[in-house]
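Only one structure is covered here, and it is reproduced in the block below.
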Amino acid sequence: MNNKSRPVNLDIQTIRFPIAAIASILHRVSGVITFFALAVLLSLLSKSLHSADGFAVVMGWLDSLPVKLVMWIILSVLAYHIVFGIRHVVMDFGYWEELQSGSASARGGFIVVAVIAVLMGILVW
Ligand code: HEM
């Protein structure tokens, strides 16, 4: 057989992931980010509990725009991981496993996370 006549598609721009695949990849990414974020949050907690001065320093940091931005990202990523983690658990019970329901639940999950991200923004600012 002539291998050269095999159809190949190396044009990455024409490859589209289904929404459920994107949700799944992002869920793993959000888990890894949450893991590292935990170290940041725990070290901030440790410093703030160490002394009154440490508490004041951490509160000062939390007032700055870059730190607020990082906090908002961490909280939104955590929200993503929890919302899509719950979706995963529901799928483990045998629901939302078909193409249509899986896509719909992924789309719904993105909407829920977007709403939570806005609420987290209000909480942080
Ligand atoms: C400190 C908190 C957490 C960290 C650091 C974390 C981290 C991770 C990571 C890295 C993965 C990916 C594992 C892999 O794909 O091989 C994962 C998967 C998962 N997480 Fe979390 N997670 C946390 C909290 C939660 C919470 C609160 C839920 C609640 C629903 C949750 C639900 C799940 C589920 C269901 C999976 C499996 C997804 C799959 O089978 O592909 N996680 N987590």
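Laboratory data are not the source of any read-out in this text; all were calculated from the coordinates shown. Quick caveat: nothing in here was measured; it's all calculated off a predicted structure. Heads up, the Cβs are rebuilt from the backbone with ideal geometry, glycines too, and the neighbour counts pull from every protein chain shown.
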What are the DSSP H helices in the chain that stretch 30 Å or more along their long axis, judged by alpha-carbon atoms, and whose average Kyte-Doolittle hydropathy comes to at least 0.0?
19-50, 65-92, 99-124
Select from the range 32-96 those chymotrypsin sites (Phe, Trp or Tyr not before Pro) which occupy a DSSP coil region and have at most 15 other Cβ atoms within 10 Å, ordered by residue number.
F93, Y95
Which of the three applies to the chain, rounded, prolate or oblate, going by the alpha-carbon gyration tensor with a ≥ b ≥ c and a/c under 1.5 meaning rounded?
prolate
Sequence of H27, H81 once ranked by neighbouring C-beta atoms within 10 Å, starting from the fewest:
H27, H81
In whole percent, what relative contact order does the range 23-125 give with Cα contacts below 8 Å and a gap of six or more residues?
33
Assuming 1.002 mPa s and 20 °C, estimate D for the range 1-66 with Stokes-Einstein, Rh taken as the Kirkwood radius over Cα pairs, in µm²/s.
130
